[in-house]
Amino acid sequence: MPVTVIGGYLGSGKTTLVNHLLRNADGRRLAILVNEFGELPIDADLIEADDGDVISLTGGCVCCSYGNDLMMALMDMAKMEPRPDHIILESSGVALPGAIAGSVSLLNDYSLDGILVLTDAETVQERANDKYMADTILRQLQDANIILLNKIDLISDDKKAALNDWLQEKTQSATIIHTQNSVVPIEIALQSFEHDGGFSADRSTHSTSQFETKFFALNNSIDVKALAEELAEVPEIVRAKGFVQNEDGVLKTLQLVGQRFEITPAPNEVEAGIVVIGMKPLPELKTLAATG
Amino acid sequence: MTTIYSAKKIITMNPARPEATHVAVRDGRILGAGSLAELEGWGDYTLDERFAEKVIMPGLVEGHSHAMEGTLWRYTYVGYFDRMDPNGKVWSGLDGIEGVLDRLREADAAMEDPDAPLPGWSLDPIYFNNERVTREDLDKVSTTRPVGIMHASGHILNVNSKALEMAGLMKTGLNNPGVPLGKDGLPTGELKGPDVMTPVGIHVGFDRDMLACDEQGLVDFAKLCVRSGVTTATDLAARLPDEAVDMMSRVTARENFPTRIVPLRFHHGVTPEELIAHVLELKKKTSDRLRLGMIKVVVDGSIQGFSARMRWPGYYNGAENGLWYISPEHLKQIINSSLENNIHIHTHTNGDEATELVLDCMEEGLLKHPSRDHRFTLQHCQLADTAQFRRMSKLGMCVNLFANHHFYWGDEHYNLTVGPERAERMNACATALENDVPMAIHSDAPITPLGPLFTAWCAVNRLTASGRTQGETEKIDVDEALYAITLGAAYTLKLDGEVGSIETGKRADFAILEDDPESIGGENLKDVRVWGTVQDGRIFPASEL
Ligand SMILES: [Zn+2]
C-alpha cells in the first residue's frame, strides 16, 4: 500500500489538507493515520460512524489514531479488509517526517510514495528562528519532496518571492507549491516520488541524530575496487554513493551499503565526488581525503 | 490493638528524635517512636521482638520506576551485572557473548514449544568491548524459534534469523540507518530505535503490552519492592486505560499486596484536553494502595540514544541534536490546565535544552496560575546546570535525579555523549540541595535495578563502572542520600505527610534492614542487606514471598 507522509508544524494546515484530500478522493479509499484524535481531525459531514479506534468516513475511507505507537498502528492497518488504496500518515508537529518514512519503508505491506510538508507562510520563518524549534522546522523542510507554502494569501507579493527563495535554500530538492487553505490537487499531493532503493530513502538520515554525511570531491584517479573494499571495512560507514575516476581514467558509479558494494559505469555528464554517510563520529577517511 | 516493635535501631528521619529503640503501631499507622517507657502510655500492647536485632528505616520510596520490571523477569536475564529476580534468585552477570548464548541455550532447552519466542533482556555490549551480538550468534541458540535480546538501555534489540524472517526483513536492499547490514547485504540482526524494533519485537515476545504491566508483572514487581525495602513505588508512566486501572485496583487491594503503587498518566496519544479530562476521572478511582491522578509528560529522548535535546554545544561526538516528543504549545497547555485543575505533573527531560523549555513554560504558567504548592517535578533532568537549579528553586519545582546512570553509563557520557566537563555535573545532587531544590534519586527500573540503597550509594560515591569518581563536588553525604530515598521522594509525590518518616500519625511503612546504613560507611551502602518490609503495619519478610 502506498504511503504519503504529511508533516509540518502546528497550525500549518495539516488537518485542513487531510479534509481537502478526503473531499477530493474521487473513488480512492484513503486511510488517514493521525497522531491523536484532536478536536476532531475530520469534518463532521464526512464521518459515517465512529467506533472509538476507527472512524469510518464517506467513500470507504477511514481514520485511525496511532498515539505513541505508529508501527503497531500500521501493522494493524495492514490487516484491514478491504485494503485502503492509499495511506496518508499525518505526523505530529514536532516529528521528523523523514524518520517516519524510514520506518514505514521497513514494513513489507507498505511503500513510501513521498513526503509532503506544510508551512504557514506567515510564521514559518519566525518558527525557523525559534529558540527551541528552529532545527526541527529546518529538518522537516529538508525531509520534504513537496512543500506547501500555505496561507499564501495572507502575505504580500514581495514577501512571497523572498519567502520562496528562502525556502528553496532550506530544502534539498523539494517542489514548492503555493496554496491557500491547503488546496492542492490530490494527484500532486499523493504523487509517487522515485525511491530507487538508493539515495532518496537516505532522507531518513537527515533526521537521525547519530549519523553524519561527508562529501569528498575526488580530483585524482584511484583504484575504485580497492577504495570500495576499504570503505566496506569501516564499521561506522552505513552508505556511500558517488562517481569515482578509476585508475584507467574511466568514471565509475560506486554504491555501498554496509559491507556490500556495487561498481557500475557512470552516467554521462556527472562529476567525480562521493557522499559518505555513517555513524558519528566518522573516522578520518585518509584515502578519500588524499584523492580529493 | 497496639503492637510495639523493638529494634536494634530505628532511623526515624524525624529530626526531633532521629533515633529510637521502639515503634508503636495501631491500625496500620504509627502511634509513635521512642523508648518503650514512652510508648507504653498508649495503653495495652503486645511487644513484638522479631526485629530486636534489625535496623528499621522508613519504608523506602522509589520516585521513578516502571512496574514493567516485574514482567521482564519472565524473560531471560542476560545482563553484565548480578541481579536478583522477584523470587530472590540472583542471576549472575555475564561477561561475554558466549555466556549470553549459553544462558539462552539453557532457556531454549527448558522450553517445550519449539516455535515459541525466546526473549532476553538487559544486554550491554559496552562491557564486552563493544563487540556486537549478531544474527549468526543467536542462530546458534535456535534456528526454529525467534530469539531476541533487548539492550539494557531499551534502545536496541538483537534478533536471530528466524525473527527477521518472520518480520519479512531477512532480505537485501533494506535502507534504514537503524538496520545495519552485513557483508551478505542482509541485516546483522541489530535493530536500533523503537520504530525499527517494533515490527520484529512482536515476534520475539516484546509486544505492545510489554510496557503496560500485567497482573503477574505487578505482583512480581511488588516482590522486588519488598526485597529492596521499598513500600511506595511509582509506575512512570502508562496510558492507564480502564482495564488496566481495574486490574491494578483489584490486585493492589489484595490483603497480601505489599506496595503502594503510584501510576502516572503518560501524555502521549491524546490531546491536552483529553489528557486533563482522563486524569480528573482517574483521580476519583484513587485508593490507599493505588494513587492515581498524576501526569507524566515526556519532553525529549535519552542522552545515550542521542535523542535528548541539548543546548549549545550539543553532543560531544558531534551527533545532531535529539528529538522533541512534545511541542512547546502543547506543553504549555498541559502545564496551564494542570495548574488550573490542581493536577500534579512530572516531566521527563534528559537534555538541558528540554529542561530549559520546561522551566520557561513553568515560569509563564505560574504567572497566569499562581500555585503555592504545585511540586511539579523534573524527572532525570540529568544535565541541568547551576543556573537551572536556581530557577527550579525559584519556581517551586522538585527534581528527581538519575543517580544510577553515573555508575552504568558514566564512562560512556564522559567519553562519547557529553564529554568530561558536563559528565561531571550530570545528576548534580549537591547543587540541587545547595539551591534548596527538593530532591529525590531514582533507578528508572528496569533500565537499572530497583534498589534505593544502591541508588543512594551511587549518589554518595559517584563511581562509574570502570571505577572512576566522576564529579567529586556533586557527591552528597549518607544522611542526605537516605533522606532522598525516603522523605525526599515522598515529597515529590505529595506523600510526605503520610510516608517517608517514622513519626506519630504516619503510615506504618518500614524497611527492615540487617545492617545499619548510617554506620556501615558510604562506600558500603549498596551492601546493606534487606530483611523485608512492613507496609501499613503488615509484615512482609523477603524470605517468605
Ligand atoms: Zn522512566
Query raised in the report: So what does the Cα-only Debye profile of segment B:76-201 read at q = 0.11, 0.14, 0.19 Å⁻¹, as log10 I(q)/I(0), no solvent term?
Result: -0.35, -0.57, -1.04
Requested in this report: Let me have the relative contact order for segment B:137-210, percent, based on Cα pairs under 8 Å that are six or more residues apart.
Outcome: 28 percent
Query raised in the report: Amide H neighbours of B:Trp324 under 5 Å, counting only residues 5+ apart in sequence or on other chains, H built in-plane at 1.01 Å?
Result: none
Requested in this report: Compute the distance in nm between two label points, each set 7 Å from the Cα along the Cα-to-Cβ direction, one at A:Val250 and one at A:Lys131.
Outcome: 6.0 nm
Query - Ranked packing of A:261-268, B:341-348, B:535-542, most packed first, by mean Cβ within 10 Å - result: B:341-348, B:535-542, A:261-268
Requested in this report: Using label points projected 7 Å from each Cα along Cα→Cβ, tell me how many nm separate A:Asp26 and A:Leu10, to one decimal.
Outcome: 3.5 nm
Report summary line: In order over segment A:74-85: 3J(HN,Hα) from phi, Karplus 6.51/-1.76/1.60, θ = phi - 60°, whole Hz, x for each Gly or Pro, gives 5, 5, 5, 5, 5, 8, 5, 10, x, 5, x, 7
Query raised in the report: When Cβ neighbours within 10 Å are restricted to other protein chains, what is their mean count per residue of peptide B:322-334?
Result: 4
Report task. May I ask you to compute the full-extension gain from B:Asp27 to B:Asp385, defined as 0.36 nm times their residue separation minus their alpha-carbon distance, rounded to one decimal in nm? Result -> 124.3 nm
Requested in this report: Would you mind listing how long segment B:316-449 runs along its three principal axes, going by Cα atoms, in whole Å with the largest first?
Outcome: 43, 31, 30
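Just reorder B:Lys8, B:Lys296, B:Lys285 by solvent-accessible area, largest first, 1.4 Å probe, all chains present.
Numbers: B:Lys8 115, B:Lys296 15, B:Lys285 85 Å².
Output order, biggest surface exposure first: B:Lys8, B:Lys285, B:Lys296.
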Query raised in the report: With the radius of gyration and the Kirkwood radius both derived from the Cα set of chain B, what is their ratio Rg to Rh?
Result: 0.97
Requested in this report: Subtract the Cα-Cα distance of B:Glu514 and B:Lys284 from 0.36 nm times their separation in residues, and report this length gain in nm to one decimal.
Outcome: 78.8 nm
Report task. Could you pull out which residues in segment B:17-45 have an amide N less than 15 Å from a spot 7 Å beyond the Cα of B:Met1, following the Cα-Cβ vector? Result -> B:25-29, B:44-45
**Report entry** Residues of type lysines that B:Lys140 reaches as a straight line, Cα spacing below 24 Å, ignoring anything fewer than 8 places off in the same chain
**Finding:** B:Lys162, B:Lys171, B:Lys183, B:Lys192
Query raised in the report: If we sort B:101-114, B:145-158, B:459-472 on the protection proxy, mean other Cβ atoms within 10 Å, highest first, what's the order?
Result: B:145-158, B:459-472, B:101-114
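In square nanometres and to one decimal, what's the mean projected area of the convex hull around the Cα atoms of segment B:215-534? Don't skip to the answer; put the middle values down first.
On the way: hull surface 62.9 nm².
Taking the Cα atoms of segment B:215-534, their convex hull projects to 15.7 nm² on average.
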Query raised in the report: Label point 7 Å out from A:Ala226 along Cα-to-Cβ: which residues of segment A:265-290 have amide N under 19 Å?
Result: A:273-274, A:285-290
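Suppose the chain between B:Glu434 and B:Asn317 were pulled fully straight at 0.36 nm per residue; how much longer would it get relative to their current alpha carbon spacing? All intermediate terms of the calculation are to be shown ahead of the outcome.
Details: separation 117, 0.36 × 117 = 42.12 nm, distance 3.13 nm.
Residue separation times 0.36 nm, minus the Cα-Cα distance, leaves 39.0 nm.
Over 32 Å between Cα atoms: which of B:Lys475/B:Lys506; B:Lys223/B:Lys285; B:Lys9/B:Lys89; A:Lys131/A:Lys159; B:Lys54/B:Lys223; A:Lys14/A:Lys241 fall into that group?
Values: B:Lys475/B:Lys506 30 Å; B:Lys223/B:Lys285 24 Å; B:Lys9/B:Lys89 29 Å; A:Lys131/A:Lys159 23 Å; B:Lys54/B:Lys223 20 Å; A:Lys14/A:Lys241 34 Å.
Table pairs above 32 Å Cα-Cα are A:Lys14/A:Lys241.
For segment A:206-291, which semi-axes, largest first and in whole Å, follow from the square roots of 5 times the eigenvalues of its Cα gyration tensor? Please list the in-between numbers first.
Numbers: eigenvalues 90, 32, 29 Å².
In descending order the semi-axes read 21, 13, 12 Å.
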Report task. Would you tell me the mean number of C-beta atoms belonging to other protein chains that fall within 10 Å of each C-beta in B:103-111, as a whole number? Result -> 0
Query raised in the report: Tell me, what HN-Hα J-couplings in whole Hz come from the Karplus equation 6.51 cos²θ - 1.76 cosθ + 1.60 at θ = phi - 60° for each residue of segment B:175-189, using x for Gly and Pro?
Result: 9, 8, x, x, 10, x, 10, x, 4, 7, x, 8, x, 6, x
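State, as an integer percentage, the relative contact order of chain B based on alpha-carbon contacts under 8 Å between residues 6 or more apart. It would help to have the intermediate numbers written out before the result.
On the way: 1273 pairs, mean separation 93.0, N = 545.
That works out to 17 percent.
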**Report entry** Calculated FRET value between A:Ser173 and B:His369, using beta carbons and R₀ = 56 Å, to 0.05
**Finding:** 0.75
Query raised in the report: If you rank A:Arg28, B:Arg265, B:Arg17 by how much accessible surface each has, with a 1.4 Å probe, what is the order from largest down?
Result: B:Arg17, A:Arg28, B:Arg265
Query - Whole-Hz couplings from phi, Karplus 6.51/-1.76/1.60, listed for segment A:232-237; x for Gly and Pro - result: 5, 7, 8, x, 6, 6
Requested in this report: Collect residues whose amide H, placed 1.01 Å from N in the peptide plane, falls under 5 Å from the amide H of B:Gly93; neighbours closer than 5 in sequence don't count.
Outcome: B:Asp82, B:Arg83
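To the nearest 0.05, how large is the calculated FRET efficiency for B:Gln216 and B:Glu136 if R₀ is 41 Å and r is the Cβ-Cβ distance?
On the way: r = 34 Å, r/R0 = 0.83.
Efficiency at R0 = 41 Å is approximately 0.75.
Tell me, what does the Kirkwood hydrodynamic radius of the protein assembly as shown come to in angstroms if you use every pair of distinct C-alpha atoms? Show your work: numbers first, answer last.
Values: mean 1/r = 0.0349 Å⁻¹.
After inverting the pairwise mean of 1/r, the radius is 28.7 Å.
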Query raised in the report: At what distance in nm do the modelled label points of A:Asp153 and B:Leu395 sit from each other, each positioned 7 Å from its Cα along Cα→Cβ?
Result: 4.0 nm
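If R₀ is 56 angstrom, what is the calculated FRET efficiency for the pair B:Glu340 and B:Ala52, using the beta carbon separation as r and rounding to 0.05? Before the final figure, lay out the partial values.
Working: r = 52 Å, r/R0 = 0.93.
Given R0 = 56 Å and the Cβ-Cβ separation, E is 0.60.
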Requested in this report: Partner chain Cβ atoms within 10 Å, averaged over the residues of B:269-275 - can you pull that number for me?
Outcome: 4
Requested in this report: Distance from a point 7 Å along Cα→Cβ of A:Lys286 to each backbone N in segment A:213-242: keep the residues under 14 Å and list them by number.
Outcome: A:230-231
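Given that compact globular proteins tend to follow 2.2 N^0.38 Å, what is the ratio of the alpha-carbon Rg of segment B:213-363 to that value?
On the way: Rg = 17.3 Å, N = 151, 2.2 N^0.38 = 14.8 Å.
This ratio for segment B:213-363 stands at 1.17.
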Requested in this report: Search the structure for amide H atoms under 5 Å from the amide H of B:Cys398, placed 1.01 Å from N in the peptide plane, and list their residues when 5 or more places away or on another chain.
Outcome: B:Phe376, B:Thr377, B:Leu378
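The values are calculated or read from the model by the stated rules, or taken from the named source; none is laboratory data. All values reported here derive from a predicted model rather than from experimental measurement. Note: ideal-geometry Cβ built from the backbone for every residue, glycine included; neighbour counts use all protein chains shown. Just so you know, the surface numbers come from the protein's heavy atoms only, side chains and all, with ligands and any DNA or RNA stripped out. Shrake-Rupley method; radii C 1.70, N 1.55, O 1.52, S 1.80 Å.
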